[in-house]
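The values are calculated or read from the model by the stated rules, or taken from the named source; none is laboratory data. Only a predicted model underlies this, so the values are computations on that prediction, with no experimental measurement involved. Note that we place each Cβ from the backbone using ideal geometry, even for glycine, and neighbour counts take in every protein chain shown. Accessible surface is based on the protein model in full, side chains and every heavy atom, while ligands, DNA and RNA are left aside. Shrake-Rupley method; radii C 1.70, N 1.55, O 1.52, S 1.80 Å.
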Amino acid sequence: MAPLQVLEIFSTFLLVIFIQVYLGNAQNFIQSRAAYYPNSEEQGTETGACGFGTFGATINGGDVSAASDLYRDGLGCGACYQVRCTNSNYCSENGVNVVITDHGASDSTDFILSQRAFSRMAQTKDAAASLLSLGNVGIEYRRVSCSYPNKNITFKIDESSDNPYYLAFVIWYQQGKTDISAVQLCETQNFVCKLLDRTRGAVWTSSSPPKGQLQIRMLLSSDDGDEKWVIPLNNIPENWKAGETYDSGIQVD
């Protein structure tokens with residue numbers, strides 16, 4: 001085969017690969033609209049429906065969002081999405097990665113971003129000001145993996161908890177692209193476990209938690225239907241206290 005023919009075949013092969021990759025990436029994005037919290041601080045809200053509190057306003061540097069359908073009755077709390085606006089005059093190619101920490105909708109939007117996240121979709125500061133003046137813009141989005149370097153999944157005991165009568169907690173630093181679809185609370189002597197209730201957002205509760213050290217097991221579910229139970233390395237101590245955080249000792253890709 002002549003060198004020219006080889007070059008032509010190789011060039012065609014590269015073109016086909018490029019088109020497949022380009023179309024694949026384009027198909028991963030979903031068209032929608034986004035607004036931003038008009039009366040909030042630059043970061044997110046501390047009273048988000050997910051129940052994250054202050055953590056929900058500052059996680060991911062404040063690049064957070066409320067979601068409408070993607071909230072999924074709290075199952076979507078902690079999920080990460082790449083969101084980029086579509087106006088080429090103002091918008092950057094990469095957009096911004098946000099974490100869902102609240103529930104809400106406005107004018108057919110899928111996202112209500114923090115002002116910080118909304119501005120970070122823009123190419124420049126001047127473009128960001130123009131975006132903010134529009135208030136509601138066309139976007140495209142796709143789910144992406146959450147990544148928190150040097151952070152393990154962490155359990156935050158809600159302030160409403162009362163040891164040993166009532167336990168409520170949220171899960172911080174949810175990693176990867178999986179959902180926490182179920183949680184078991186186990187006592188560590190006989191390993192008797194019970195499923196917990198998701199009372200609101202990302203808040204899991206037990207009205208009669210077992211005595212002693214506690215183990216929290218999480219069922220991780222992916223979009224393709226795969227499920228697996230994850231068991232932390234570290235237990236919740238017997239003398240757990242409301243408002244405290246406890247490191248699970250694990251990360252999940």
Candidates PHE191, PHE155, PHE169, filtered to the one that is in contact with a Phe, Trp or Tyr (Cβ under 7 Å, 6 or more places away or on another chain), hydrophobic (A, V, I, L, M, F, W, C) and without any contact (Cβ under 8 Å) to a residue 60 or more places away in the chain:
PHE169
Among (1) open to solvent by less than 40 Å² (accessible area, probe 1.4 Å); (2) not in a strand (DSSP E or B), which single condition is GLN251 missing?
(1)
In this structure, is ASN89 more than 19 Å from the chain's Cα centre (by Cα), open to solvent by 10 Å² or more (accessible area, probe 1.4 Å) and in contact (Cβ under 8 Å) with a residue 60 or more places away in the chain?
no
Assess whether TYR148 counts as being in contact with a Gly (Cβ under 9 Å, 6 or more places away or on another chain) and within 17 Å of VAL64 (Cα to Cα).
no
Condition broken by GLY104, with the remaining ones in (1) touching a strand residue (DSSP E or B) at 6+ places or on another chain (Cβ under 6 Å); (2) at pLDDT 95 or above; (3) surrounded by fewer than 19 Cβ atoms within 10 Å (Cβ to Cβ) satisfied:
(2)
Residue identified as among the β-branched types (Val, Ile, Thr) and in contact with a helix residue (DSSP H, G or I) (Cβ under 7 Å, 6 or more places away or on another chain) among VAL144, VAL137, VAL170
VAL137
Suppose we keep only residues that are among the polar types (S, T, N, Q) and closer than 16 Å to ASP110 by Cα within the range 29-78. Which one would you say is surrounded by the fewest Cβ atoms within 10 Å (Cβ to Cβ)?
GLN31
Does GLN189 satisfy the condition of being open to solvent by less than 20 Å² (accessible area, probe 1.4 Å) and either within 21 Å of the chain's Cα centre (by Cα) or not aromatic (Phe, Trp, Tyr) (or both)?
no
Only residues that are touching a Phe, Trp or Tyr at 6+ places or on another chain (Cβ under 8 Å) and either assigned to a loop (DSSP other than H, G, I, E, B) or without any contact (Cβ under 8 Å) to a residue 12 or more places away in the chain (or both): list them for the range 233-248, please.
ASN234, PRO237, TRP240, SER248
Of everything in the range 52-87, what is in a strand (DSSP E or B) and among the β-branched types (Val, Ile, Thr)? Give them in sequence order.
VAL64, VAL83
If ALA49 satisfies every condition in (1) farther than 18 Å from PHE118 by Cβ; (2) within 13 Å of the chain's Cα centre (by Cα); (3) of a type in the set (A, V, I, L, M) but one, which is the exception?
(2)
